[in-house]
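Here's the structure, in structure tokens; my notes come after.
The values are calculated or read from the model by the stated rules, or taken from the named source; none is laboratory data. If you're wondering where the values come from, they're calculated on a predicted model, not measured in any experiment. Note: ideal-geometry Cβ built from the backbone for every residue, glycine included; neighbour counts use all protein chains shown. In case anyone asks, the SASA skips ligands and DNA or RNA and just uses the protein heavy atoms, side chains included. Shrake-Rupley method; radii C 1.70, N 1.55, O 1.52, S 1.80 Å.
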Amino acid sequence: MPPPPTLRIFVQSPPARSLFQSGEVGGPGKQTVVIKVSMDGHKSFLGELDGEKVRYKALKIAACVSGVVSASLKGDNKDQIEVKGERIDTVKLTKLLRKKVGHADIHN
């Protein structure tokens, strides 16, 4: 005897509308934040990290924060991370970079 047919119901809700959409007056819109990070290499329990690995790690951390659209290295020594996006929590990002990479300061 075949199993009884199953009934599947899919409910699709309309997209949530925020009070502040980008482009509206008073809304947060797009942000560009520059954070200077000490990327001269540092010691960790895994060993010494050179500058290139620290830069990669800092970019990876910055790209994973919610609201970030793009992250790139800036400056003469490639010691600044420019982060673009919407509603970026810059304090959270700076704390993460300080914890995982080294000293970090918000420049914008």
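Looking at L96, L73, L59, can you tell me which residue is assigned to a helix (DSSP H, G or I), at pLDDT 90 or above and touching a helix residue (DSSP H, G or I) at 6+ places or on another chain (Cβ under 7 Å)?
Values: L73 fails: assigned to a helix (DSSP H, G or I); L59 fails: touching a helix residue (DSSP H, G or I) at 6+ places or on another chain (Cβ under 7 Å).
The match here is L96.
Restricting to the range 76-93, name every residue that is in a strand (DSSP E or B), open to solvent by 40 Å² or more (accessible area, probe 1.4 Å) and farther than 16 Å from M39 by Cα.
So in the range 76-93, the residues in a strand (DSSP E or B) come out as 80-86.
Checking which are open to solvent by 40 Å² or more (accessible area, probe 1.4 Å) leaves us with 80, 84, 86.
Answer for the range 76-93, where residues must be in a strand (DSSP E or B), open to solvent by 40 Å² or more (accessible area, probe 1.4 Å) and farther than 16 Å from M39 by Cα: K84, E86.
Take the residues of the range 36-56 that are part of a strand (DSSP E or B) and surrounded by 16 or more Cβ atoms within 10 Å (Cβ to Cβ): which is modelled with the highest pLDDT? Give the derivation first.
Of all residues in the range 36-56, those part of a strand (DSSP E or B) come to 36-37, 42-44, 47-49.
Among the residues that remain, those that are also surrounded by 16 or more Cβ atoms within 10 Å (Cβ to Cβ) are: 36-37, 49.
On the way: K36: 93, V37: 90, L49: 63.
For the range 36-56, the residue satisfying everything is K36.
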